[in-house]
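Where a number appears in this text, it was derived from the coordinates with a stated rule and is not lab data. Quantities reported herein were computed from a predicted structural model and do not represent experimental measurements. When we count neighbours, we look across all protein chains shown, and the Cβ atoms used for this are built from the backbone with ideal geometry, even at glycine.
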Amino acid sequence: MANKIIAPSILAADFANLQIDIEMVNNSSADWFHIDVMDGVFVPNISFGMPVIKAISKHAKKPLDIHLMIVDPDRYIQTFADLGGAILTVHYEACTHLHRTLQAIKATGMKAGVALNPHTPISVLESIIGDIDLVCIMSVNPGFGGQKFILETYEKVKQLKALIISKNANTIIEIDGGVTDQNAQALAVAGADALVAGSHVFSNNNPKAVIGTLHSLVKSDS
């Protein structure tokens, strides 16, 4: 996959001026909207409810990459499809019957993603990688934005890339957490296809320019 994907994380946007930030992403070189859904159970934080996602979907002109950090995600698969989700990512650690969950996501027409917490090894996906459209490697502990990037992520990306190639899968590798202009290029070189950036984008005075910079850093890598 030659073109790398930049997905600004709306969790870091200004909730009081959400439409302005949505329009900024629409008018930037960003590829996706990354939306974190937290339930306060699987992770120690609560984020967007359905009405907010519905409002985002109404104004967004780019695909919604929805990341569920919740227990029992199966209950809401159809709901997120109805809200306009293009990709729905569930946590490996939250799914008792992962294969069934992935098939249920795909049955709605969405792409199916699996997220791995920092302590979860790549090897758990060996038997199922062919059914996964996207693997989201958490490069921070899930739940809060603005955390420090975990360096072990580079090795995990390389291991995952090797697994995808060995199984002849078409899975996209996404990195979520602590992505900045300091590590974007190295992540792309290691094998990442999509980078989620939150605080790094939205805490800047010119977030559109930051998105452009991230794209330019990863553009030359195939």
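Overview of results
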| item | result |
| --- | --- |
| Amide H partners (placed H, <5 Å) of His91, local residues excluded | Ile70, Ala115 |
| Packing-based order for 210-217, 29-36, using average beta carbon neighbours within 10 Å, highest first | 29-36, 210-217 |
| Reach of Lys61 by Cα under 28 Å, taken over lysines that are not fewer than 8 positions away in the same chain | Lys4, Lys106, Lys111, Lys208, Lys219 |
| Choice from Asp133, Asp176, Asp14 showing the highest fluctuation, given a GNM over the chain with Cα pairs closer than 10 Å | Asp14 |
| Mean separation of Cα contacts under 8 Å (6+ apart) over length of the chain, as relative contact order % | 23 percent |
| Lys54-Thr79 pseudo-label distance in nm [points 7 Å out on the Cα-to-Cβ vector] | 1.2 nm |
| Alpha carbon Rg of the chain, scaled by the compact-globule rule 2.2 N^0.38 Å | 0.93 |
| Beta bridges by DSSP in the chain, antiparallel share as percent, to the nearest 5 | 5 percent |
| Per-residue [θ]222 nm for the chain (sum of -39500 (n - 2.57) over DSSP H runs n ≥ 4, rounded to 500) | -9500 deg cm²/dmol |
| Rounded, prolate or oblate (a/c below 1.5 giving rounded, otherwise prolate when a/b exceeds b/c) for the range 1-53 by Cα gyration tensor | oblate |
| Prolate/oblate/rounded label for the range 77-170 (Cα gyration tensor, a/c 1.5) | oblate |
| Sequence of Asp39, Asp82 once ranked by neighbouring C-beta atoms within 10 Å, starting from the fewest | Asp82, Asp39 |
| Local electrostatic count, Val201, Cβ distance below 11 Å [Lys/Arg +1, Asp/Glu -1] | -1 |
| Gain in span if fully extended, Val41 to Ala209, counting 0.36 nm per residue against the direct Cα distance | 56.9 nm |
| Of the DSSP H helices in the chain, those whose Cα atoms cover at least 15 Å axially and whose Kyte score averages 0.5 or more | 207-219 |
